[in-house]
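Heads up, the thing below is written out as structure tokens.
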Amino acid sequence: MAQIMDFQPTEHQHVRFNPLRGDWVLVSPHRMKRPWAGQVEKPAEEEIPIHDPKNPLCPRVTRPNGEDNPDYTGTFVFTNDFPALLEDVPSPPESDDPLFRAAPAKGTCRVMCFHPHTNLTIPLMSVEEIRTVIDRWLTELIDLGKKYLWVQIFENKGAIMGCSNPHPHCQIWASSFMPNEPKLKEVNQLKYYREHGRPMLMDYVHRELEKKERIVVTNDHWVALIPYWAVWPYEMMVLPRRHIVRMTQMTDQEKDALADIMKRLTTKYDNLFSCSFPYSMGWHGAPTGPQIEDEASHWVFHGCYYPPLLRSATIKKFMVGYEMLAQAQRDLTAEQAAQKLRELSEVHYKERK
């Protein structure tokens, strides 16, 4: 007769439900025991200058379209020279065919430089400089949110994430349509709110504060944690302690505290493998434009960080095979990932004496 074992989440595979997307992730923690023959050393770091006259994001540089960047000293925003979305384009013809459907897609894409120095990243910037970035995000969100249904602020950090210019910057894409990811969150948050009478993510952050299993860093206004349903090895969410529907609802104290959380969590990222930790990150909140006055109590403003690294500065998690054809799968549990990050120093490895 086979012996019945007690379930251990760090030993036995299981699936976890993501209530924001309405899907599942396979967790296979036993796979972390398999041997690894790949490189695990810290790679040689590229020397990036403070100013690169060939980098189109730097001050005083001429961009490919012939425009000259100003000699900016803080943040700098311009319309992307090669945008994925344009404002003045014709709409596709209407069709009743259920198999061949198209719809209008109008918008604009902006690039926002965080700092004039090319060799800086968020963890190496001061809290005051990061606060300046947050203020500019708000300015852009308010401006674009007057017209567009969705304003997506996102940062791709590192060449491994497709960042072609090593300069601290992000992108802001505003669209006339609701993209797939926020649309899923809209549907599932609204469903939860109607069933429970409370915002899903406020219930979630309160439960996480009670459990203290997946929290990485906190302050008086924000909580940064590895979500229970995380897909990427060191994926992180930034959640408010107070119910905030959109970024524009933050108080000055919450803006300062958000800058603090961003610096601390990205410093831990860099310290994990002693490298400039790559990631894609962005912010989600209630829709804007034609829906900006609509009831949106089911929404909670939050940030998402999706870093690909798994075992070292050069070993990444690939979303291939099973992940593409079946469902997301991870090896390291969310709790194990949170503990690893939580135990790291908040002093950046480049700034230690």
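The values are calculated or read from the model by the stated rules, or taken from the named source; none is laboratory data. This one's a predicted model, so the numbers in the text were calculated from it and none came from an experiment. Every residue, glycine as well, gets a Cβ built from its backbone with ideal geometry; the counts of neighbours run over all protein chains shown.
Observations, loosely collected:
A quick yes/no check of all residues on (1) buried (at least 20 other Cβ atoms within 10 Å of the Cβ); (2) modelled with pLDDT of 95 or more; (3) in contact with a His (Cβ under 9 Å, 6 or more places away or on another chain); (4) hydrophobic (A, V, I, L, M, F, W, C):
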residue	(1), (2), (3), (4)
Arg194	no, yes, yes, no
Arg214	yes, yes, no, no
Asn219	no, yes, no, no
Leu225	yes, yes, no, yes
Trp229	yes, yes, no, yes
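- Region 258-275 - residue that is of a type outside the set (A, V, I, L, M) and under 14 Å from Leu310 (Cα atoms) and, of those, surrounded by the most Cβ atoms within 10 Å (Cβ to Cβ): Tyr269
- Pair list, Cβ under 6 Å, 6 or more apart: region 245-264 residue without any contact (Cβ under 8 Å) to a residue 24 or more places away in the chain, other residue surrounded by 21 or more Cβ atoms within 10 Å (Cβ to Cβ): none
- Residue check for Val111: of a type in the set (A, V, I, L, M), more than 26 Å from Leu258 (Cα to Cα), outside the structural domain of Glu254 (by TED's automatic domain parsing) and touching a residue at least 12 places away in the same chain (Cβ under 8 Å): no
- Of the candidates Asp97, Asp81, the single residue that is closer than 25 Å to Thr121 by Cβ, in the same structural domain as Ile130 (by TED's automatic domain parsing) and free of Cβ contacts under 8 Å to residues at least 40 places away in the same chain is Asp81.
- Region 138-227 holds strands (runs of 3 or more DSSP E) entirely within its bounds, and those carrying 3 or more residues that are over 21 Å from Phe114 (Cβ atoms) and more than 15 Å from the chain's Cα centre (by Cα) map to 215-218.
- Checking each residue in region 57-79 for being under 26 Å from the mean Cα position of the chain (by Cα) and at pLDDT below 95 picks out no residue at all.
- Scanning region 229-244 for residues that are closer than 12 Å to Leu201 by Cα and either within 16 Å of the chain's Cα centre (by Cα) or without any contact (Cβ under 8 Å) to a residue 24 or more places away in the chain (or both) turns up Met237, Val238, Leu239, Pro240, Arg242.
- Test: residue in region 159-182 that is more than 25 Å from Tyr279 (Cα to Cα) and of a type in the set (Asp, Glu): no
- Every residue from region 234-276 that is polar (S, T, N, Q) and at negative phi: Thr248, Gln249, Thr251, Gln253, Thr266, Thr267, Asn271, Ser276
- Pairs, first among the acidic types (Asp, Glu) in region 151-179, second at pLDDT 90 or above, C-beta under 6 Å, six or more apart: Glu155/Cys170; Glu155/Met281
Let's see how each residue does on (1) under 20 Å from Thr139 (Cα atoms); (2) surrounded by 12 or more Cβ atoms within 10 Å (Cβ to Cβ):
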position	(1), (2)
Asp68	no, no
Thr73	yes, no
Phe76	yes, yes
Thr79	yes, yes
Pro92	no, no
Pro104	no, no
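- Meets criteria (assigned to a loop (DSSP other than H, G, I, E, B), in contact with a Ser or Thr (Cβ under 6 Å, 6 or more places away or on another chain) and farther than 30 Å from Thr266 by Cβ) for Pro104: yes
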